[in-house]
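Note sheet for the following structure.
The values are calculated or read from the model by the stated rules, or taken from the named source; none is laboratory data. For clarity, every value in this text was computed on a predicted model and none was experimentally measured. Virtual Cβ from ideal backbone geometry, glycine too; neighbours counted across all protein chains shown. In case anyone asks, the SASA skips ligands and DNA or RNA and just uses the protein heavy atoms, side chains included. Shrake-Rupley method; radii C 1.70, N 1.55, O 1.52, S 1.80 Å.
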Amino acid sequence: MMMRTGIGLALAAFAAVTAVALTFSFRRAEALRIDFLTMGTRAAFIFYATPELAERAGRAGIDDFERITEACNLHDPDSELSRLNAAAFEQPFRCSDLLWSILSEARQAYAFSGGAFDVSVKPLMDLWGFYRRRGAEPPSETEVAAARELVGLDKVIFDDRARTVRFTRRGMALDLGGVAKGCAVDRAAAAAVAAGIRAGVIDLGGNLRLLPEPPPGRGSYRIGVTDPGAPDRVRERVLELPGDTSLSTSGDYERFVILAGRRYGHIIDPATGVPPAPGRAVTVMAPSAFLADWLSTAVYLRGGELARLAEAHFPGVRIMIYHQDDDDEARR
């Protein structure tokens, strides 16, 4: 179960809200806001609606977040994903409809990205100290090579008819951190629209989904992107975006480890087993938060070539790649 703190509705005429990776601002209107903690980060629902509609949508969205957490939480040994990781080498693990739908999309992301987005990367995350405590030194080439032998969705057997997962190597494990938040945001947005809310924002640790209509009195949502070289600063350029847009930013400035005096970001390249050099951030705008979530990770690793391919392949996708010293977006 997720931890709830500070859940409640407050009527507020607010000028700005700071997200983990983005900043968004509304003016000339009032919004109802629900704040809580979930999935290890801060979440907020901002609704332009009556208190009754906002509360209904908020409760439904929180329930969706709880269902995703119960399915995908690696830190809970009783979660469905933890049980899969513990059992799938010994015998096929049958998935719930929810977990199977997430894994099915993750498999498509793996195929499209040429393996850049890979939910089997957990052994490398463990090795680098993101889930397990390690010493002061980075892993050796031998350790990295051994962990890489346990990574790759091509080493996982998926039975689409039985909806089962089977690992071909002992020690393999899945990590859905790169898509679970996007999935939760999409479901919460759908719940808000079903409740009758047309304008607002679902924000889960910087993964944003803008509801179908902009705030009252505005023709669009105004979004500012965080500077990867100074995470407490927003770039001067402000994006004017329509409703039904999702945004996700991937970078190395929020989550990292320090080993031997060097910073290593949490996005690890499955092809090398090593986090790439710091200084880049990728913002993806897409029709769904799930798509924006995994694309931002994949493009962070593969750069402009994959960005151009994604923009050509997925309708409504726009990708910006920022470097520490860039004054504006860079596309390569």
Per residue value of the accessible surface for region 63-217 (all protein chains in place, 1.4 Å probe), Å²:
43 Å²
Label point 7 Å out from GLU141 along Cα-to-Cβ: which residues of region 270-299 have amide N under 11 Å?
none
Report the one residue of GLN108, CYS95, ASN73 whose Cα lies farthest in the direction of the positive end of the charge dipole of region 60-148 (charges on C-beta: Lys and Arg +1, Asp and Glu -1; origin at the Cα centre).
GLN108
What net charge do the residues around GLY178 carry, taking every other residue with its C-beta under 10 Å from that of GLY178, with Lys and Arg at +1 and Asp and Glu at -1?
-2
Net charge, TYR131 excluded, C-beta distance under 12 Å - Lys, Arg +1, Asp, Glu -1
+3
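Would you work out what percent of the accessible area of region 269-326, with all protein chains in place, is carbon or sulfur (probe 1.4 Å)?
Of the solvent-accessible surface of region 269-326, carbon and sulfur hold 54 percent.
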Rounded, prolate or oblate: which one fits region 128-223, using the alpha carbon gyration tensor with axes a ≥ b ≥ c (rounded when a/c is under 1.5, else prolate when a/b beats b/c, else oblate)?
oblate
Going by a ≥ b ≥ c, the root eigenvalues of the Cα gyration tensor, does region 63-109 fall in the rounded group (a/c under 1.5), the prolate group (a/b larger than b/c) or the oblate group?
oblate
Sorting check: for 142-150, 53-61, 81-89, which peptide has the highest mean count of neighbouring beta carbons within 10 Å, and how do the rest follow?
53-61, 81-89, 142-150
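For PHE89 and SER220, what does the FRET efficiency come to when R0 = 56 Å and r is the distance between their Cβ atoms, rounded to the nearest 0.05? Mind dumping the intermediate values first?
Values: r = 50 Å, r/R0 = 0.89.
The formula returns an efficiency of 0.65 here.
Roughly speaking, to the nearest percent, how much of region 114-222's 1.4 Å accessible area is carbon and sulfur?
Within region 114-222, the accessible surface is 45 percent carbon and sulfur.
Add +1 for every Lys or Arg and -1 for every Asp or Glu among the other residues with Cβ under 12 Å from the Cβ of PHE290, and state the total. Please report the intermediate quantities before stating the final value.
Details: positive: LYS181, ARG187, ARG209; negative: GLU105, ASP186, ASP293.
After counting each charged neighbour, the total is 0.
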Classified through the alpha carbon gyration tensor (a ≥ b ≥ c as square roots of its eigenvalues; rounded if a/c is under 1.5, else prolate when a/b is larger than b/c, else oblate), region 182-222 comes out oblate
